[in-house]
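Inspection log for the structure reproduced underneath, given as structure tokens.
The values are calculated or read from the model by the stated rules, or taken from the named source; none is laboratory data. Please read all numbers here as calculations on a predicted model, not as lab measurements. When we count neighbours, we look across all protein chains shown, and the Cβ atoms used for this are built from the backbone with ideal geometry, even at glycine. Remember, those area values only see protein heavy atoms, side chains included, never the ligands or the DNA or RNA. Shrake-Rupley method; radii C 1.70, N 1.55, O 1.52, S 1.80 Å.
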Amino acid sequence: MSGPGHFERRAEVYDRARPPYPQALWDRLRDLGLLRPGARVVELGAGSGLATAPLVAAGARVTAVEPGPALAGLLRRRLPAVTVHETTAEAARFDPGSFDLAVAATAVHWFDLDVVLPALHGWLRPDGALVVLRHAFGDPTVAPTPFRARVAAITGRRSGPPRLGPGELDTQEWAARLGEGGRFAPSHVEEFRWRAELSADGVRDLFSTFSDWSPDEVAEAGRAVEDLGGRVVEHYVAPLIVLRRRRVPPVLRSAV
């Protein structure tokens, strides 16, 4: 599996192929009082701005952290009002209490959480929150479609080691992992289900942005769509985890 630099090398394709997050997810953040006009937001691993744009549209003042120059350039051109720091989440530096909200959209699995979570705790105001969301491509609650059967056949032939850490749909496990150390406490966990219709070229573009898919596998997935009539319906999940900042982490308090 390649690293996060995979997205940088395919920045233009990533930008056009990755789908938007469901509107219901952003509505939920508004209902929770987290997404509001004037909110100071730091987004880590912002990419080309697929999650940044809804934050800006809601009136938030966004500071984005994105290490890839090509992706950061796309983000700056798309959303000139956003302050973009071209660095990693681990290397970013901000003053204490700078933000009301931190957001990580389909990025948290790349972070060194032992570094990033303590930093976020410092950057957020005392009653701030961390929001982690992602795309999970494939919905296990929906009966497998012929296309999903073909995808499973492709991935089933792999022999390499699995990705470390919780899987993309291990939502409760991710919530527990993000709460380790006592700096953050999960307060809301929800999964949003949605669907999209894709052409063969759309599947080739989208699957080529997956860091664990080889070019041969991507080509095979595209042929599968052609075999199935040229268009397929994909069922996806968008997990959402909201964590509230603890004023004094219990682990740290007990050490005093």
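Any idea which of (1) assigned to a loop (DSSP other than H, G, I, E, B); (2) at pLDDT 95 or above; (3) closer than 22 Å to VAL13 by Cα; (4) not charged (D, E, K, R) is the one GLY229 doesn't satisfy?
All conditions pass for GLY229, except number (3).
Going by what's in this entry, would GLU191 be described as acidic (Asp, Glu) and out of contact with any Ser or Thr (no Cβ under 8 Å at 6 or more places or on another chain)?
Numbers: acidic (Asp, Glu): yes; out of contact with any Ser or Thr (no Cβ under 8 Å at 6 or more places or on another chain): no.
No, not satisfied.
Across region 115-138, what is the total count of residues that are under 19 Å from the mean Cα position of the chain (by Cα), under 27 Å from GLN23 (Cβ atoms) and open to solvent by 20 Å² or more (accessible area, probe 1.4 Å)?
Within region 115-138, residues that are under 19 Å from the mean Cα position of the chain (by Cα), under 27 Å from GLN23 (Cβ atoms) and open to solvent by 20 Å² or more (accessible area, probe 1.4 Å) number 2.
Before we move on, is VAL84 at pLDDT 95 or above and in contact with a helix residue (DSSP H, G or I) (Cβ under 6 Å, 6 or more places away or on another chain)? Step through it out loud before you land on a result.
Numbers: at pLDDT 95 or above: yes; in contact with a helix residue (DSSP H, G or I) (Cβ under 6 Å, 6 or more places away or on another chain): yes.
Answer is yes for this residue.
Is it true that ARG157 is farther than 17 Å from VAL108 by Cα, touching a Gly at 6+ places or on another chain (Cβ under 6 Å) and without any contact (Cβ under 8 Å) to a residue 24 or more places away in the chain? Walk me through how you get there before you give the answer.
Numbers: farther than 17 Å from VAL108 by Cα: yes; touching a Gly at 6+ places or on another chain (Cβ under 6 Å): no; without any contact (Cβ under 8 Å) to a residue 24 or more places away in the chain: yes.
No.
So which residues in region 157-176 are open to solvent by less than 60 Å² (accessible area, probe 1.4 Å), out of contact with any Lys or Arg (no Cβ under 8 Å at 6 or more places or on another chain) and not aliphatic (A, V, I, L, M), if there are any at all?
Scanning region 157-176 gives GLY160, GLY167, THR171, TRP174.
The conditions are (1) under 23 Å from PRO166 (Cβ atoms); (2) open to solvent by less than 20 Å² (accessible area, probe 1.4 Å); (3) not in a strand (DSSP E or B), and ALA104 fails exactly one of them. Which is it?
Failed condition: (3).
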